[in-house]
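Student: Would you mind keeping the following structure in view while I ask a few things?
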Amino acid sequence: PKAKMSPPLTVLWASCLLWHAVFSLEYRGPQVHTAAAPASDKPLQVIGFGSCNHQDMEQDLWEQLDAEQPDLYLWLGDNVYGDRIVATTSFPFLKHDHEFPELVLKAYAHQASVPAYRAFVAKHPVLATWDDHDYGKNDGDKTFPYRRESQQIFLDFFNVPVGDPRRRREGVYVARTYGPPGQKTRVILLDNRYHKDPYRVTDGDMLGEEQWSWFEEQLRDASINLFIVGAGLQMLPDERSLGEFWGRLPRAKDRLLNATLATEAPLLLLSGDVHYSEITEVRCRRMGADASHTKRLVEITSSGMTHAWGDPRGFLGLGMFQGEQLWKRFVSWFFNDLVGINAFALLQRLHPSRFREKNLRDVTAQRSYGVLHVDWSGERPSLAVRIMGANGVTLIERDLSYSNAGDANGVVEEEEGPYTCEPLYNERSQGERFVAHAVSATILLAFFGSCLYVVMGTLLLPVIVPLAILRRQSRKSKTKTQGDSKSKSKSKSK
């Protein structure tokens, strides 16, 4: 008969397996986030923020950001890339490969070894949330089977203490309050991955009820003088036909807007994800209220720090076409330098955003980070934001010295009921939209057709070149044979 393991040995064996599984998922890279939190008696005056930072790409903005001397730096997601893009034989010939936890652990360890980043986070405190690529799965949601393990790795990397509430609850959302009474800033970073429903779910949610209750409670604090709310995904714009944004889950977006608009203190939204930076805005009023009684709500998107649509390094083909080989450099140049930059600029002109006050001046596709300056000298905090590019270039600049707490005349509303929000500009006519979509479709077809042509031509190059050489040799041989035959014929005739 087959021997059975005794109960004590079974328990011991199971404990060993569990210990090994947990230990193997630990972040074991160097701990670099050692800067002390901002002093509680000093108001926040300079806040840096950014997103979309690929650990394998050049990171040349940290020294420049360090020179800004931020009191706090906010990570808005995709802080590292724990997945990779690989080639496939099916359209669109690219896919994201996820090998959890190997890729995530490797990404964090690599990021911790970047000298400029190590120096920056040793001096400046960091508060972080995540988006999909550091979560562990492209476009990930609550169905990701390793979300609990990924959360602990995230918290380990950012040196979050064992007693922190994030170690016990589900999700990496966090809130911190800085500054003395009368100059208090509350920073709230949401987790739009851990509890997010798949987009196919009817009436899907983004945060989960526990996080919603926590978030709404954070906003009810009347002692706060300034709220800053950050998330990985864009919250206000919902006009894109591709990609992710809060508008794809309308109920969640409406709840977010109503929660933020209920505050009496000024509030600013921050986001990342999209590989370009922009300032967007909506005007909101309570249903049934006079049209002149409006509130403004502004969102600053900063993306990304190592790659963006308008940068020659781009992000198309990242991980596929990097290398010293001539063909890889050519394909990278074609995708990123030639097509990517020009296509983005052209599409912004064809499809002007209804959420931007100045369509082209309030957006940039260059690599960038954001800096928020807070002036506490007045009755209310005065805000100014700059989106900064490489070499100290100011790409976008805006004065945000207003409060979202009142209407256009500074009168605080007393009506009850939900808010309805609209972008700054109305939609264009059907004829204008038809022409823009037709031109865009032509550009996309030309783009994907060119990509397919280049990729197939590159892949078949090792076959085509030898065949062309053989064909040429065959023609030469045939010509020579025909010439010899003619010479023989002439000799015989003579």
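The values are calculated or read from the model by the stated rules, or taken from the named source; none is laboratory data. Everything numeric here is computed off the predicted structure, so don't read it as measured data. Using ideal geometry, Cβ is built from the backbone for each residue, glycine included, and neighbour counts are taken over all protein chains shown. SASA here: full protein model, heavy atoms, side chains in, ligands and nucleic acids out. Shrake-Rupley method; radii C 1.70, N 1.55, O 1.52, S 1.80 Å.
Student: Output wanted: per-residue J couplings in Hz (rounded whole) for the stretch 231-245, from phi through Karplus 6.51 cos²θ - 1.76 cosθ + 1.60, θ = phi - 60°, x for Gly and Pro.
Tutor: 8, x, 9, 5, 9, 8, x, 9, 9, 6, 8, 10, x, 10, 6
Student: Treating only the Cβ of Lys, Arg, Asp and Glu as charged (+1, +1, -1, -1), what charge dipole size does the stretch 34-151 show about its Cα centre? Round to the nearest 20 debye.
Tutor: Dipole size: approximately 300 debye.
Student: With a 1.4 Å probe and all protein chains kept in place, how much accessible area does Arg296 have, in Å² rounded to the nearest 10?
Tutor: The accessible area comes out at roughly 80 Å².
Student: How would you rank 212-218, 41-47, highest first, on the average number of other Cβ atoms within 10 Å across their residues?
Tutor: Packing proxy ranking, top to bottom: 41-47, 212-218.
Student: While we're here: Which of Lys123/Lys184; Lys42/Lys123; Lys42/Lys358; Lys142/Lys253; Lys184/Lys358; Lys137/Lys253 have a Cα-Cα distance over 25 Å?
Tutor: Lys42/Lys358; Lys184/Lys358
Student: Oh, and also: Multiplying the sequence separation of Glu217 and Asp56 by 0.36 nm and subtracting their Cα-Cα distance, what value in nm do you get?
Tutor: 54.0 nm
Student: Over the heavy atoms of Leu395, what accessible area does a 1.4 Å probe trace out, to the nearest 10 Å²?
Tutor: 50 Å²
Student: Can you spot the aspartates and glutamates whose alpha carbon is less than 16 Å from Lys295's alpha carbon? Ignore those fewer than 8 places along the same chain.
Tutor: Asp254, Glu264, Glu281, Glu357, Asp407, Glu413, Glu414, Glu415, Glu416, Glu422
Student: Provide the packing ranking of 189-199, 129-139, 168-178, 102-112, i.e. peptides ordered by the mean count of other C-beta atoms within 10 Å per residue, highest first.
Tutor: The densest-packed peptide leads the list: 129-139, 189-199, 102-112, 168-178.
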